[in-house]
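Scroll down for the structure; my scribbles are underneath it.
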Amino acid sequence: MAVIETRGLTKRYGSVTALEGLDITIEEGITGLVGANGAGKSTLIKILLGLLTATQGSARVLGHDVRADGSAIRTLVGYLPEHDCLPPDVRAIDFVVHMGQMSGLPPTTARERAADVLRHVGLAEERYRLMGGYSTGMKQRAKLAQALVHDPRLVLLDEPTNGLDPASRDDMLHLVQRIGQDFGIPVLVTSHLLGELERVSDHIVVLDGGRLLRAQATQSFTGDTGVLLVEVLGDGSAQQRMGEALAGRGLPCRPRGQQIEIDLHQVSAAETVRDTVRDLACDIEVGLVRIQAEHGRIEDVFREGVSNVPAP
Ligand SMILES: Nc1ncnc2c1ncn2[C@@H]1O[C@H](COP(=O)(O)OP(=O)(O)O)[C@@H](O)[C@H]1O
Ligand SMILES: [Mg+2]
């Protein structure tokens, strides 16, 4: 059974279309939901929680219909909202205990679980402080703790790294990874920073203007693109001589900045190309800086544009 499944999901706010005919299937593991601000990520998450009603289409979360079973879904799912939701004059421990009880835990269990999850997110020392005095990083951790307190079967994290400095961002991504890998809880995590979730996600779903742009295993975004990049020592004339020598051997190449790109898709014996490059460099006495396979990035999906969406 898919963890999340949407069919023709559409959401309009008046004349604004936030989601348009979205068909996505999310399985176990960590899924990164990426898209620029306004792409529809938060709208999708709120529909999945039954907090917003879709204009058209349907969605199921852990087998439950979002229209009929919103409250059942919310007891099974942990949610880290995008915006600040923490009461400033409450201590983290009291807040997380309260949220645990709201999700149906008995008081004693809620206290034990709250202490555990606060330690897990790195707020063991600070749990008795009022959250109003917390840094942004500490607030995001407290939000994560309340999402985990009731031992959810799925967590939805809406921009957990928003507003964090690079070090805190890495810490948060590491926590996200642990939820998915160490605890085996499926995670759907969003970010407007397109490249950020590549290293923690098993799958990436890309939204653009409320539409699905891509949904793929992370590896197929970041894998080999079939282009070899060659960089030589010296000025443009060395690059040009190398380019001419490669072309002389029938290799489809063209300059890209300081480098030369060779399109291996058009080469029959692609595995011999690296050797050919080395030999040619030696023959024409040009120093090689590097030969490397190009890897894709999620940003490239946006550059390629909507025209490249594979047919469903
Ligand atoms: N309550 C609302 N009323 C009207 N428009 C909204 C509302 N919430 C979101 N939108 C619009 O819907 C689109 C998607 O927003 P949102 O889901 O917040 O995107 P994201 O989380 O990817 O930034 C945006 O154009 C946004 O302005
Ligand atoms: Mg959002």
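The values are calculated or read from the model by the stated rules, or taken from the named source; none is laboratory data. Treat the numbers as computed from the prediction; the structure is a model and nothing was measured. Positions of Cβ are generated from backbone atoms using ideal geometry, with glycine treated the same way; all protein chains shown enter the neighbour counts. Heads up: the accessible areas ignore ligands, DNA and RNA and are worked out on the full protein's heavy atoms, side chains in. Shrake-Rupley method; radii C 1.70, N 1.55, O 1.52, S 1.80 Å.
When the chain is fully extended, how far beyond the present Cα-Cα distance does Met102 get from Arg297, taking 0.36 nm per residue of separation?
66.1 nm
Could you give the angle, 0 to 90 degrees to the nearest 10, between helix 236-248's Cα long axis and the longest principal axis of the Cα atoms of the chain?
Helix 236-248 and the main axis of the chain meet at about 80 degrees.
Between Val289 and Cys85, what length comes free when the chain is fully extended (0.36 nm per residue of separation minus the Cα-Cα distance, one decimal in nm)? Mind showing how you got there, number by number?
Working: separation 204, 0.36 × 204 = 73.44 nm, distance 5.17 nm.
Separation in residues times 0.36 nm, less the Cα-Cα distance, equals 68.3 nm.
Count the net charge of all other residues whose Cβ sits under 11 Å from the Cβ of Thr75, scoring Lys and Arg as +1 and Asp and Glu as -1.
After counting each charged neighbour, the total is 0.
Between His174 and Arg274, what is the label-to-label distance in nm when each label sits 7 Å out along the Cα-to-Cβ direction?
With each label placed 7 Å out from Cα toward Cβ, I get 3.2 nm.
Name the shape class, rounded, prolate or oblate, that the alpha-carbon gyration tensor gives for segment 62-141, where a ≥ b ≥ c are the square roots of its eigenvalues, rounded holds for a/c under 1.5, and otherwise prolate holds if a/b is larger than b/c and oblate otherwise.
Taking the square roots of the gyration eigenvalues as a ≥ b ≥ c, segment 62-141 is prolate.
Would you kindly give the portion of the calculated P(r) for segment 122-248 that falls above 22 Å, as a percent of all Cα pairs?
Looking at segment 122-248, the distances longer than 22 Å represent 53 percent of pairs.
Please return the longest stretch of the chain lacking exposed loop sites, where GluC sites (Glu not before Pro) count only if DSSP places them in a loop and at most 15 other Cβ atoms lie within 10 Å.
28-284
Rounded to the nearest 0.05, what FRET efficiency do Arg12 and Arg129 give with R0 = 41 Å and r taken as the Cβ-Cβ distance? Could you check? Please list the in-between numbers first.
Details: r = 43 Å, r/R0 = 1.04.
Efficiency computed from Cβ-Cβ geometry: 0.45.
Test of understanding: express the Cα radius of gyration of segment 1-141 as a ratio to 2.2 N^0.38 Å, with N the residue count. Intermediate results must be reported in sequence, preceding the final value.
Details: Rg = 17.3 Å, N = 141, 2.2 N^0.38 = 14.4 Å.
For segment 1-141, the normalised Cα radius of gyration comes out at 1.20.
Return a whole-number percent for the relative contact order of segment 4-221, with Cα pairs under 8 Å and 6 or more residues apart as the contact set.
29
Using the Karplus curve 6.51 cos²θ - 1.76 cosθ + 1.60 with θ = phi - 60°, what ³J(HN,Hα) values do you get for each residue of segment 284-291, in whole Hz, with x for Gly and Pro?
Calculated HN-Hα couplings, in order: 8, 6, 10, x, 8, 8, 7, 10 Hz.
So for segment 18-142, averaging the separation of alpha carbon pairs under 8 Å that are six or more residues apart and normalising by length, what relative contact order in percent results?
The normalised contact order for segment 18-142 reaches 19 percent.
Compute the Kirkwood hydrodynamic radius of the chain, taking the inverse of the mean of 1/r over all pairs of distinct Cα atoms, and give it in Å to one decimal. Present the calculation step by step, with values, prior to reporting the outcome.
Values: mean 1/r = 0.0454 Å⁻¹.
Taking every pair of different Cα atoms in the chain, averaging 1/r and inverting gives 22.0 Å.
Mind listing P(r) for segment 224-295? All alpha-carbon pairs, 5 Å bins, whole percents.
4, 18, 34, 28, 13, 4, 0
So what are segment 156-312's ellipsoid semi-axes, whole angstrom, largest first, if each one is the square root of 5 times an eigenvalue of the alpha-carbon gyration tensor? Each step should come with its number before you reach the end.
On the way: eigenvalues 302, 65, 41 Å².
Each semi-axis is √(5λ); the values are 39, 18, 14 Å.
Of the beta bridges DSSP finds with both residues in the chain, what % are antiparallel, to the nearest 5?
About 70 percent, rounded to the nearest 5.
Grab the beta carbon distance between Thr109 and Ala167, set R0 = 41 Å, and tell me the FRET efficiency rounded to 0.05.
Details: r = 34 Å, r/R0 = 0.82.
My answer for the efficiency is 0.75.
In Å², and per residue, what accessible area does segment 2-68 have when probed at 1.4 Å with the other protein chains present?
40
Quote the relative contact order of segment 224-295 in percent (integer), defining contacts as alpha-carbon pairs under 8 Å separated by 6+ residues.
Reported relative contact order: 50 percent.
Where the centre of each part is set by its Cα atoms, how far does segment 100-158 sit from segment 1-72, in angstrom?
Computed from Cα coordinates, the inter-centre distance equals 25 Å.
Could you check the spin-label model distance between Asp182 and Arg254? Points 7 Å from the Cα along Cα→Cβ, value in nm.
4.8
When the helices in the chain are scored as -39500 (n - 2.57) per DSSP H run of 4 or longer and the sum is shared across all residues, what 222 nm value do you end up with, to the nearest 500 deg cm²/dmol?
Value at 222 nm, helices only, nearest 500: -10000 deg cm²/dmol.
Take the solvent-accessible surface of the protein heavy atoms, probe 1.4 Å, and return the percent of it on segment 224-295 that carbon and sulfur atoms account for.
Values: 1950 of 4240 Å².
Carbon and sulfur together cover 46 percent of it.
Once amide H atoms are placed 1.01 Å from N in the peptide plane, what residues at a sequence separation of 5 or more from Leu80, or on another chain, have their amide H within under 5 Å of its amide H?
Distant-sequence amide H within range of Leu80: Leu156, Leu157, Asp158.
So who's got an amide H within less than 5 Å of the one on Leu288, skipping anything under 5 residues away but keeping other chains? H placed 1.01 Å off N, in plane.
Leu233
For Asp23 and Arg153, what does the FRET efficiency come to when R0 = 22 Å and r is the distance between their Cβ atoms, rounded to the nearest 0.05? Each step should come with its number before you reach the end.
On the way: r = 23 Å, r/R0 = 1.05.
E between Asp23 and Arg153, to the nearest 0.05, is 0.45.
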